[in-house]
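Here is the structure we will look at.
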Amino acid sequence: MPSTIAVLPVKSFGRAKQRLAGGVGAPERATLAAAMVGDVLAALGAVRGLDGLIVVTGEPRAAGPARAAGASVVDDPAEAGHSEAALLGVAAALERGAQRVLLVPGDCPALAPAEVEALLAGDDARAAAAPRRVVVVSDRHGSGTNALLITPPETMAPSFGPGSLARHALLARAAGAEVRVAAQRSLELDVDTPGDLAALRAALADLPAAAPRTRALLAQLAPAAA
């Protein structure tokens, strides 16, 4: 199996989740961002088959828990964007000898270790036939990207943002990689809008063991805010 490192870009909590501003106050948005990152860190730490975790952030409140969880931290003082932070993480992963990278966002708190393990195992099964591979994990709308699995890491540069699923597939094919689009329920549940927060709240009702930090915070927020 290839050496696999996960990369987790984390925006400063005070700047995170601005699209929730209509229903969630600034202090609560920062607390929510921190809770989600904590849940993602814990979930990734339980994934078998990962050889390391790199957190790219300029947020001290994320860097401390990341190091406590055994992750390496790459400073991102400029915070130029999600794609740029991901590139910093990929470069650091390559320096550590990674043969494959998994790019995961910090706002998918329901992330299930078993689903990530299945994603890695499925990619392993294709290794002999396709040495250059990209798996694009879709968001719940089917148009965005909530995770990227890239082998080898330098195959393509990530390009997150609206419409990124199709864009990532095109970039991967242009690089000569085999492309697979995957749906992983726990990774579909990112949080950018009030609708996303409502979808997460509803999903957590059926996932009693998932996202304990985020779940506890949502219990304190009025349902109308989600």
Of all residues making up segment 104-139, the number that are in contact (Cβ under 8 Å) with a residue 60 or more places away in the chain and part of a strand (DSSP E or B): 0
Residue list for segment 162-177, restricted to those being touching a helix residue (DSSP H, G or I) at 6+ places or on another chain (Cβ under 9 Å) and either surrounded by fewer than 19 Cβ atoms within 10 Å (Cβ to Cβ) or among the charged types (D, E, K, R) (or both): 175, 176
Residue list for segment 140-155, restricted to those being open to solvent by less than 20 Å² (accessible area, probe 1.4 Å) and more than 16 Å from residue 44 (Cβ to Cβ): 144, 145, 150, 151, 153, 155
Scan of segment 178-215 for residues that are open to solvent by 40 Å² or more (accessible area, probe 1.4 Å), out of contact with any Ser or Thr (no Cβ under 8 Å at 6 or more places or on another chain) and modelled with pLDDT of 95 or more, ordered by number: 178, 180, 212, 213, 215
The listed residue being in a helix (DSSP H, G or I) and either more than 29 Å from residue 3 (Cβ to Cβ) or acidic (Asp, Glu) (or both), out of 169, 203: 203
Selected residue (criterion: farthest from residue 38 (Cα to Cα)) from residues of segment 173-226 that are among the β-branched types (Val, Ile, Thr) and out of contact with any strand residue (DSSP E or B) (no Cβ under 8 Å at 6 or more places or on another chain): 193
Top-ranked residue in segment 34-80 [being free of Cβ contacts under 8 Å to residues at least 40 places away in the same chain and part of a loop (DSSP other than H, G, I, E, B); ranked as surrounded by the most Cβ atoms within 10 Å (Cβ to Cβ)]: 69
First in segment 4-24 and more than 30 Å from residue 97 (Cα to Cα), second anywhere and modelled with pLDDT under 90, Cβ under 6 Å, 6 or more apart: 23/225; 24/225
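The values are calculated or read from the model by the stated rules, or taken from the named source; none is laboratory data. In this text, all values refer to a predicted model and were calculated from it rather than measured experimentally. With ideal geometry, Cβ positions are generated from the backbone for all residues, glycine too; neighbour counts draw on all protein chains shown. Please note that ligands, DNA and RNA were not included when accessible areas were found on the heavy atoms of the full protein model with its side chains. Shrake-Rupley method; radii C 1.70, N 1.55, O 1.52, S 1.80 Å.
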